[in-house]
Each structure stands twice: as C-alpha cells, then as structure tokens.
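Take a look at the structure below.
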Amino acid sequence: MAKTAELKKLEKSLEVISIGLEILRKGIGYYVYYNKPNENKRIFKIHFSNCGQCAWGSGKITNAEPGRNGVWIGPFNGTNQAKVFLNDNLKPLPSQIKICNCCK
Ligand SMILES: [Zn+2]
C-alpha cells in the first residue's frame, strides 16, 4: 500500500525528533565557557548541560556568533573532569573555577 504524503511527512518529522534526542543525549554532562578576551580575570563557571546559561553548550544568547568571543567546552562526565581539563589546559587560579549556582 502506498504511503500518503501526510504519513511520509510524519515519518520524516519523527526521524528528525529522534536524531535531536540522540544529539541531546550525547551532550548530557558538564560544560565550561572559555572567553578569550577575559581569560586572565575570568571565572570559569562549570554548568550542567540543561542549565539555561549553557543550553547543551550552545549558550543563552540565541543570536551570538559562535566562537566570536569564546566557546563552550564539554561535555565532561563530572565537575572533577572539567576541573582537570581546565587545570591541564588553561591553568586558572583555583579561585577562578566555580560551579554555577543553578547546577550545584
Ligand atoms: Zn549553570
């Protein structure tokens, strides 16, 4: 039996939703925003993926040009993994690493 155009459209929508859910599932974890212009005085705040600030590493500013001022780094499995990455690669002072109040 031939599928109707409406059924094909519905199947395509479900496929897109399924892909989106898989991408979100893979992105669950902790993220840090690295801001190049402020790197010496910046607080590196660790966020969980569903935090409004982080939004799975896409940030809260919807019209921001990706990578212009900085980038989201992650996901990390936990806050300790994020801290190890920061210490190994960006070498902030201990006082520059914080965990977002929404994400504790
Ligand atoms: Zn947060």
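On a straight-distance basis, which aspartates and glutamates could pair with Lys3 in a cross-link, Cα separation under 17 angstrom, same-chain partners fewer than 8 positions away excluded? Excluding near neighbours in sequence, the set is Glu11, Glu15.
Counting only cysteine Cβ atoms and a cutoff under 4.7 Å, the chain contains unmatched residues Cys102.
Classified by the C-alpha gyration tensor, region 1-80 has a prolate form. Its axis ratio a/c, with a ≥ b ≥ c, is 1.5 or above, and a/b is larger than b/c. At the residue level, Ile17 shows approximately 100 square angstrom of accessible surface with a 1.4 angstrom probe and all protein chains present.
Quick one: work out the % antiparallel among DSSP beta bridges in the chain, nearest 5.
On the way: 8 of 11 bridges.
For the chain, the DSSP antiparallel bridge percentage is about 75.
Annotation: extensible slack from Asp88 through Asn35 equals 17.4 nm (criterion: 0.36 nm per residue apart, minus Cα-Cα distance).
Divide by every residue of the chain the summed helix terms, -39500 (n - 2.57) for each DSSP H run of at least 4, and state the resulting mean residue ellipticity at 222 nm, rounded to the nearest 500 deg cm²/dmol.
On the way: 2 runs with 33 residues, N = 104.
Result for the chain, helices only: -10500 deg cm²/dmol.
Distance between the modelled labels on Val16 and Ala2, one decimal in nanometres: 2.5 nm (7 Å Cα→Cβ projection).
The residue list Ile97, Tyr33, Asn80 was ranked by how far each Cα lies along the charge dipole of region 28-103 toward its positive end, using unit charges on Cβ atoms, and Ile97 comes out on top.
For the peptides 3-14, 74-85, what is the packing order when you average, over each peptide's residues, the other Cβ atoms within 10 Å and list the highest mean first? Numbers along the way, then the final one.
Working: 3-14: 10.0, 74-85: 16.3.
Going by the mean number of other Cβ atoms within 10 Å, highest first, we get 74-85, 3-14.
Here the chain is treated with +1 on each Lys and Arg Cβ and -1 on each Asp and Glu Cβ, and its dipole about the Cα centre works out to around 280 debye. Note that region 79-96 has calculated 3J(HN,Hα) couplings of 5, 5, 5, 5, 5, 4, 4, 4, 5, 6, 10, 10, 6, x, 5, x, 5, 8 Hz, one per residue in order, obtained from phi through the Karplus relation 6.51 cos²θ - 1.76 cosθ + 1.60 (θ = phi - 60°); glycine and proline are x. Bridging of Lys45 to lysines at a Cα separation below 24 Å is possible for Lys26, Lys36, Lys60, Lys83, Lys91, Lys98, Lys104, once same-chain residues fewer than 8 apart are set aside.
The values are calculated or read from the model by the stated rules, or taken from the named source; none is laboratory data. In this text, all values refer to a predicted model and were calculated from it rather than measured experimentally. Every residue, glycine among them, receives a Cβ derived from its backbone with ideal geometry; neighbour counts consider all protein chains shown. Please note that ligands, DNA and RNA were not included when accessible areas were found on the heavy atoms of the full protein model with its side chains. Shrake-Rupley method; radii C 1.70, N 1.55, O 1.52, S 1.80 Å.
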